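Structure first, commentary second.
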Amino acid sequence: MTGFDPLAMLDGAGFETEATLDLRGMAREAALAKLRALVETRVEPGPRRWSVRIEPARPGGGETLFQPVGRYLLEAKRARRVFSVAPLADPPGGGFAVDLGFG
């Protein structure tokens, strides 16, 4: 099985997504429900590599979705529901690159 190189992706090169899941502006539970639906009900053929976009942290902006979304994606990776996950480089804290893999 092939995957993307997270080190190349982190410096802004080498990762092209096929689709974007935009969670910006969503409440935590709604965002996690939408992400769960993507991971647990994916269909093949369909987009495999996704950008999961969230609001980056801003001074005085309060809690972001970075930790809860990142935690969910790492748990999904450990459970082999996703192939790989890494933070997006642009903007920092603005989301994750997710390879759902298939099979």
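The values are calculated or read from the model by the stated rules, or taken from the named source; none is laboratory data. Owing to the predicted nature of the structure, the values given are computational and were not obtained by experimental measurement. Every residue, glycine among them, receives a Cβ derived from its backbone with ideal geometry; neighbour counts consider all protein chains shown. Calculation scope for accessible area: heavy atoms of the full protein, side chains included, ligands and nucleic acids excluded. Shrake-Rupley method; radii C 1.70, N 1.55, O 1.52, S 1.80 Å.
Screening residue 17 on (1) touching a helix residue (DSSP H, G or I) at 6+ places or on another chain (Cβ under 6 Å); (2) closer than 17 Å to residue 100 by Cα shows it passes everything except condition (1).
If you go through segment 81-89 one residue at a time, do you hit one that is of a type outside the set (A, V, I, L, M, F, W, C) and loosely packed, with under 11 Cβ neighbours inside 10 Å? Reasoning before the result, please.
Initial filter on segment 81-89 (of a type outside the set (A, V, I, L, M, F, W, C)): 81, 84, 87.
Pick out the ones that are also loosely packed, with under 11 Cβ neighbours inside 10 Å and you get none.
Checked against the condition, which is being of a type outside the set (A, V, I, L, M, F, W, C) and loosely packed, with under 11 Cβ neighbours inside 10 Å, segment 81-89 yields no hits at all.
Going through (1) part of a loop (DSSP other than H, G, I, E, B); (2) over 19 Å from residue 19 (Cα atoms) one by one, residue 47 falls short only on (2).
Can residue 75 be described as over 18 Å from residue 17 (Cβ atoms) and either modelled with pLDDT of 90 or more or part of a strand (DSSP E or B) (or both)? Answer is yes for this residue. If the condition is being outside any loop (DSSP other than H, G, I, E, B) and within 17 Å of residue 54 (Cβ to Cβ), then segment 78-103 contributes 85, 86, 87, 95, 96, 97, 98.
What do you reckon, is residue 83 aromatic (Phe, Trp, Tyr), at pLDDT 90 or above and under 11 Å from the mean Cα position of the chain (by Cα)? Steps first, answer last, please.
Values: aromatic (Phe, Trp, Tyr): yes; at pLDDT 90 or above: yes; under 11 Å from the mean Cα position of the chain (by Cα): no.
Answer is no for this residue.
Close Cβ contacts (under 6 Å, 6 or more residues apart or on different chains) running from residues in segment 10-21 that are charged (D, E, K, R) to residues that are modelled with pLDDT of 50 or more comprise 18/47; 18/49.
Mind checking which residues of segment 14-44 are assigned to a loop (DSSP other than H, G, I, E, B) and either among the small types (Gly, Ala, Ser) or within 16 Å of residue 65 (Cα to Cα) (or both)?
First, the residues of segment 14-44 that are assigned to a loop (DSSP other than H, G, I, E, B): 14-18, 23-27, 41-44.
14, 23, 24, 25, 26, 27 - these are the residues of segment 14-44 that are assigned to a loop (DSSP other than H, G, I, E, B) and either among the small types (Gly, Ala, Ser) or within 16 Å of residue 65 (Cα to Cα) (or both).
Contact annotation: residue pairs with Cβ atoms under 8 Å, 6 or more positions apart or on different chains, pairing a residue in segment 71-84 that is closer than 17 Å to residue 47 by Cα with a partner that is open to solvent by 50 Å² or more (accessible area, probe 1.4 Å) and among the charged types (D, E, K, R), are 81/40; 83/77; 84/77. The one condition from (1) in a strand (DSSP E or B); (2) open to solvent by 20 Å² or more (accessible area, probe 1.4 Å); (3) polar (S, T, N, Q) that residue 64 does not meet is (1). Considered as a group, the residues in segment 1-53 that are of a type in the set (D, E, K, R) and farther than 16 Å from residue 82 by Cα include one that is modelled with the lowest pLDDT, and that residue is 11.
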